[in-house]
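In what follows, a structure is listed as C-alpha cells, so that the remarks can point back to it.
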Amino acid sequence: MQQDFKQSIDRALNNANLTGALGKFSEAYKVNRAKAYEGIDFEELRGKIASVKGYAASHLEELSRQFKENAEAKGAKVFCTKDPAQVREYILKVAKEAGVKSIVKSKSMATEEIHLNSYLEKAGIEVGETDLGEWIIQLAGQTPSHMVMPAIHMTKEEVSDLFSKEIDERLSSDIPRLVKVARNELRPKFLKADMGISGGNMACADTGSIVLVTNEGNARLVTSLPKIHIALVGIEKLVAHFSDIAPILKALPRSATAQLLTSYVSIITGPTLNSDGSMKDLHIILMDNRRSEMAADPIFKEAMQCIRCASCLNVCPIFRLVGGHVFGKVYTGGIGTILTAWYDELKSSEDIQGLCIQCGACKDVCPAKIDIPALIMEIRRRLVQKEGVPMLQKSIYAVVNNRRLFHGMLRAASIAGKPFSRGTKFIRHLPMFLADLTDGRSLPAIASKPFRDVFKTITQPKNLKEKAVFYGGCLIDFAYPEMGEALVKILNKAGVEVLFPEGQTCCGAPARYNGAYEVAAQNAEDNIQALLAERADYVVSACPTCTVALDHEFIATFESLGRKKYLPQARELAAKTIDFSTLVKKLVDEGRLSFKEGQHLGKITYHDSCHLKRTLHAEQSPRQLLQKAGYELSEMFECDICCGMGGSYSLKLPEISAPILQRKLKNIKDTGAPMVAMDCPGCVMQIRGGMDQLEGAPVRVQHTVELLAAQLKG
Amino acid sequence: MFEQFKTRAEGVSAEVHRFTTEAEALAFLVDFLRTEGVADAPGQYAVVADCPFLQSIDRQQLEEVAGLWLEVTRDRAAAAKVGISQMDWALADTGTLVQDASAIDKRLVSSLPIIHVALIATSGLLPDMPAWLSEAHPETAGYLAMITGPSRTADIERVLTIGVHGPERLIIVFVDQLGGTN
Ligand code: SF4
Ligand code: SF4
C-alpha cells in the first residue's frame, strides 16, 4: 500500500470533526431515508430503475443518436465526444467566440471529472461555482468529498473563516447568516454571467430533454439568466423515454437527501427566449470518457445504472469514518472506487479498492440495484490478474490450503504466547484473518485439537433418518471446535446425522476477497469434491461467510474465470447448502426439535453478521430461535452494521477496523444485556476480542449455536 | 387530494391557502402585498408574470399597489421582494407545483425574489408524478419547472437552511373558480 495513502487515512481518522459529523449524519440519514420511502415498494422501484438504466446502457449509441436528433430538432446544439480534452476545447471555443468573461456553474460531477474549472480559468475566464457546497470547496481550493454534499467534511467554523476572507468582514458561524452571505455574494455573479454551465441528471432520448434536479435554485438561475447555456452530460444519464424519469425522480431525492422531491426539477427541451428577446444559445455535450467501454463490459455495465444519489456513501461504515478525500479527488465511496477505476484507470483504484470491507450495506440501499461490493471484488480480481498475486500472499495461500500445516503453525504461534513473532516477516503476515496486529482486540487461543480431530471422538446415535454434511470453515475447525460440537449435538437431537468430510478445506473467501480468484477456484474444486462425495440431505455451515462461498461464490468464481467443468456440481452444492440457523429453525418448525420449557434466560442482544443478513437474508431465524429458547431480545442500535472484522481487512487496515469495532462494542454495552449472540465465528472473534480489552463488566459473546445447544429439551 | 397536497407542501415549509373565487384570491393578494411592505423602491417591488388569472380579475386593484409591475424585466425581478405567477398543475403526493415555464418571465418572478406567490387552479390537482408525466408535452414546452417548497440547502454541516438562491418563502394560493388554465 502506498505510504501517502496510509497517511491520508491517518489524517482523516484523526480529524475528529470529520468522523464526528459524518457519524452523526449517517445515523440521521438512515432514519430519514426510511421515512422518505414509507409506503413505497423499494424492490419494485429499484427493479424499474435497473431495467430503465440497464436498457439505456446496452443501447448507448442508438440513444445518443436519437437524443442528438431530437434535441437538435428543437434547436439545441449537441456535441458528442469520447474525449474529455475535446469537451474542454469545445466549451472554451464557444466561450471565446461569444466573448464570454464570466461563467456561473451549477453542480456537475462531470465537470469535476474533466477538471474544467482550472482549464477555463487558465484561459482567463472567471468561473464561479454557485452550488453552496461547491462554492465552499472552490473557495477552499479543495475537491468534493461527497457526490451530493461536496463540503460535508467542513465545519461551519471553517466555512465562516472562508467567507470572512472572501467578503473581508468578520463573520460568526451562524449557518443561516452564512447562507445569506452566499446568496448576496453570488447574486451579482449570476446577473453578470455570460454563460451558464450545468450538468444533467437525466437525458431523455425520445424528446431530447435534459432534467436537472436541485434544491438551492441555482440551477434555475444558471439555466435562465445567462444567454448561453452549456449542459455537460455523461452518456450514462441517457434514458430511452421521457416517462422513464418517473422512477428516477421518485428514488433520487429520497435516496440522496431523504426528500420526497427536491425543491426544483427543471426539464429543458431546446432553447427558450432570453429576457431581452434573443434566443438562448443552448449546447448539450454528451460525454463518453470510457463509459461506453464500461457499458460493454459484461460485469461492469451494471455500474452504468448509477443515478449518483450517494446513498452508498451515506451508509458505508468506512466512508463515515474516513470521509471522501481518502478515496480521491472526484468520485468517492464505494461507487467512486468503481468509477475511478474506469474513468481514470484501473491502477488508480489499487489502494482505494482495499477500503471496502465487503459488508454489503451499500448494496442494500442502492436504488439502482448495483452490487457495489461485487464490482469492487471484480476490480481486485482484475488487479491481481494484471499485476499478479504478491509473492508473500501466494505462500500464505499454500499454507492456508494445507489444513494440517495451517493448524500446526497457528497452534505453534499461539502457544508461543507472543503470536506471530515479529522476527520473521513471513510469520507476521501468515494468518490472513487470525491476526493479532490490531490494537483493542485479542487473538483467540488456537484449539489444541482442531474440530476435524474432535469430530472423530464424538459418538452419534445410530440410525438417524437424515444426514447433513458439516462444513466447518477455518475458524470453527481451528479456533472454536466447541461450536462444531454444539452443532452436532443439536442436529443429532433432531434426528440428523452429521458427517465431516476430511477433504474439506478453506472456503476460498480470503483469496477471493483479495482478488486471487485462481486460488479461490482451486479451493472451490477441492471442497466440491469433498462435500459432494457423501450423500447427504444438507450441507450446513455455522459461518455465514463460508455459507455464502458454498451457496454463491463458488459459482461466481467459476463463471468469472470461465471455468465450466465444475459448474454443475457447484450448483448442486449450492442447492444443498443451508446456514445453521435457517436449518435449525426449519427443524423446530417441523416439530423435530424443541427447547426446555418456561426458561427465563434474561436479556440478550443480537449482532447481524453482514453476510447472514445481506446475502443470505437469514436475520430473523436466529432471533426467533433465541427467543424460543427463553431469551428476551433487546435490539442494539445499528444491529446490522459491520463489526469491522472483514476477514483480512482488520489486518490490512487495522486503523479503520478498530474504531468500527469500538462503536459496535458501545452499541452492545448500551443495551445493558449481559450477552450478545451472533451467527458468525469471525464476528465472535472480533467482538469477543474487543470485549476482552474493555474496562468494566464484560458482555458474554456467543455464537447462537452454543446458546441453543444448552437449551435443548430432553 | 387538496388535503394531501396541503400536508405535503406544508411539510416542506410552503404556505398553502385556498379560495373559492378569483375575487377572494385577489383580495388576499392585495392584502398580502401590503403586509409585506411592497413599495416603489428597489428591493421592495412586486413583479407579476403574465397569466390567465390576470385576464379575468379586476386588474386595477393590483395596479394600485405601489411598486407592483406587470411588465417583468430582469432588473425589476432582481430588485423585487415578491414575485407572482400562476402554475399549471399541482401534484398531491409530493406537494409539488408544475409549470410550463418556457416564458422567461415566469422563471424570473419565481426564482429571483425573496417571496414567490404561486397561484393555481384547484382543477390542476393531479395525484402524482406519473399522472403528470402522461399529460406532459416536453416537445411543446421548452422549460418545464417543478417547484416543491422554497429554496433550501443543507450544505453547511447538513443543517437545513431555507432560502439560498431562490425564494425563502413559497405561498401557494389555490383558487377553485379560476378560468382559463389547462
Ligand atoms: S460493501 Fe460495505 S464497506 Fe464496501 S463500499 Fe459497500 S458499504 Fe462500504
Ligand atoms: S451506486 Fe447506487 S447508491 Fe451509490 S450513488 Fe449510484 S445509485 Fe446511488
Practice prompt. In Å and from the alpha-carbon atoms only, list the Rg and Dmax of the stretch B:9-54.
Written response: 12.7, 34
Fill in: Accessible area of the stretch A:32-291 belonging to carbon and sulfur atoms, whole % at 1.4 Å probe
49
Worksheet, complete the sentence: Each label sits 7 Å from Cα toward the beta-carbon; between A:Lys596 and A:Lys82 the label points are separated, in nm, by 7.2
Worksheet, complete the sentence: Across B:128-134, the residue-averaged tally of Cβ atoms belonging to other chains within 10 Å stands at 4
Worksheet item: Hey, got the average number of other protein chain Cβ atoms within 10 angstrom for residues in A:268-276?
Response: 6
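Semi-axes of the equivalent ellipsoid of the stretch A:602-709: what are they in whole Å, largest first, if each equals the square root of 5 times a C-alpha gyration tensor eigenvalue?
21, 16, 11
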Worksheet, complete the sentence: Its Cα gyration tensor gives the stretch A:32-291 an equivalent ellipsoid whose semi-axes in whole Å, largest first, are 29, 25, 16
Worksheet item: To the nearest 10 degrees, how steeply does helix A:156-167 sit against the main Cα axis of chain A, on a 0 to 90 scale?
Response: 20
Response to the item:
Dividing the mean separation of Cα pairs under 8 Å (6+ apart) by the residue count of chain A yields a relative contact order in percent of 12
Practice prompt. Based on the mean of other Cβ atoms within 10 Å per residue, sort peptides A:704-714, B:150-160 so the most packed one is first.
Written response: B:150-160, A:704-714
Discussion item. Starting from the 7 Å offset along Cα-to-Cβ, what nm value, one decimal, do you get for the label separation of A:His115 and A:Glu534?
Written reply: 6.0
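Over all distinct Cα pairs, what is the inverse of the mean 1/r for chain B, reported as the Kirkwood hydrodynamic radius in Å?
16.4
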Item to complete: In Å and from the alpha-carbon atoms only, list the Rg and Dmax of the stretch B:138-182.
Response: 15.4, 46
Worksheet item: For the stretch A:205-361, with only Lys/Arg (+1) and Asp/Glu (-1) charged at the beta-carbon, what is the dipole magnitude about the Cα centre, in debye rounded to 20?
Response: 420
Discussion item. Please report the spacing between the Cα centers of the stretch A:469-483 and the stretch A:513-591 in Å, no decimals.
Written reply: 15
Response to the item:
Placing +1 on each Lys and Arg Cβ and -1 on each Asp and Glu Cβ in chain A, then taking the dipole about the Cα centre, the residue among A:Ala486, A:Gln460, A:Gly690 whose Cα reaches farthest towards the positive end is A:Gln460
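Taking the stretch A:328-371, how much of its Cα-Cα pair set, in percent, is spaced more than 16 angstrom apart?
Result for the distance tail: 34 percent.
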Response to the item:
FRET efficiency for A:Asp692 and B:Leu160 from the Cβ-Cβ distance with R0 = 51 Å, rounded to 0.05, comes out at 0.75
Worksheet item: Across all directions of projection, what mean area in square nanometres is found for the Cα convex hull of the stretch A:1-143?
Response: 13.8
Discussion item. Looking at the protein assembly as shown only, what percent of DSSP beta bridges run antiparallel? Nearest 5 please.
Written reply: 25
Response to the item:
Output row A,B: buried area (accessible, probe 1.4 Å, summed both chains) in Å², nearest hundred, equals 4500
Worksheet, complete the sentence: Taking the square root of 5λ for each eigenvalue of the C-alpha gyration tensor of the protein assembly as shown, the equivalent ellipsoid has semi-axes, largest first and in whole angstrom, of 58, 29, 25
Worksheet entry | Distance histogram for the stretch A:299-363 (every C-alpha pair counted, 10 angstrom bins, percent rounded to whole numbers) | 22, 59, 18
Worksheet item: Hey, what number do you get for the protein assembly as shown at 222 nm if only DSSP H runs of n ≥ 4 count, each worth -39500 (n - 2.57), divided across all residues, to the nearest 500?
Response: -12500 deg cm²/dmol
Worksheet entry | Contact order normalised by residue count of the stretch A:264-371, Cα under 8 Å, 6+ apart, percent | 25
Worksheet entry | Mean Cβ count within 10 Å, highest first, over the residues of peptides A:501-513, A:268-280, A:596-608 | A:501-513, A:268-280, A:596-608
Discussion item. Could you tell me the center-to-center distance, by alpha carbons, between the stretch B:69-84 and the stretch A:284-298 in angstrom?
Written reply: 43
Worksheet, complete the sentence: Rounded to the nearest 0.05, FRET efficiency between A:Asp4 and A:Leu464 (Cβ-Cβ, R0 35 Å) equals 0.05
Fill in: Spacing of the two label points (7 Å from each Cα toward its C-beta) at A:Glu43 and A:Arg571, in nm
2.3
Worksheet item: What does the charge dipole of the stretch B:2-175 about its Cα centre add up to, to the nearest 20 debye, if the Cβ of each Lys and Arg holds +1 and the Cβ of each Asp and Glu holds -1?
Response: 360
Worksheet, complete the sentence: With the 8 Å Cα cutoff and a minimum separation of six or more residues, the stretch A:32-187 has a relative contact order in percent of 12
Worksheet, complete the sentence: Relative to chain A, whose Cα atoms define the longest principal axis, helix A:3-13 and its Cα axis are tilted in degrees, nearest 10, by 90
Worksheet item: In debye, nearest 20: dipole of the protein assembly as shown around its Cα centre with unit charges on the Cβ of K, R (+) and D, E (-)?
Response: 3260
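Per residue, what accessible area does chain A have, given a 1.4 Å probe and all protein chains present, in Å²?
Value for chain A: 37 Å² per residue.
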Discussion item. Can you compute the FRET efficiency between B:Val30 and A:Glu61 using 1/(1 + (r/R0)^6), with r the Cβ-Cβ distance and R0 = 51 Å? Round to the nearest 0.05.
Written reply: 0.35
Item to complete: Spit out the partnerless Cys residues in chain A, using Cβ distances under 4.7 Å as the pairing rule.
Response: A:Cys80, A:Cys204, A:Cys306, A:Cys309, A:Cys316, A:Cys356, A:Cys366, A:Cys474, A:Cys506, A:Cys639, A:Cys643
Fill in: Dipole of chain A, positive direction: furthest Cα of A:Ala246, A:Ser650, A:Asn32, with charges on the beta-carbon
A:Ser650
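What is the sum of charges, Lys and Arg at +1 and Asp and Glu at -1, for the other residues whose Cβ falls under 10 Å from the Cβ of A:Val365?
Working: positive: A:Lys30, A:Arg33, A:Arg46, A:Lys363; negative: A:Asp364.
Neighbourhood net charge equals +3.
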Worksheet entry | With Cα atoms, 0 to 90° folded angle of helix A:403-415 axis to chain A main axis | 90
Practice prompt. Can you grab the distance from the C-alpha centre of the stretch B:109-133 to the C-alpha centre of the stretch A:340-390, Å, no decimals?
Written response: 43
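The values are calculated or read from the model by the stated rules, or taken from the named source; none is laboratory data. Small disclaimer: the values here were computed from a predicted structure and weren't measured. Reconstructed Cβ throughout: ideal geometry from the backbone, glycine too, with neighbour counts over all protein chains shown. Surface areas here come from the heavy atoms of the whole protein model, side chains and all, with no ligands, DNA or RNA. Shrake-Rupley method; radii C 1.70, N 1.55, O 1.52, S 1.80 Å.
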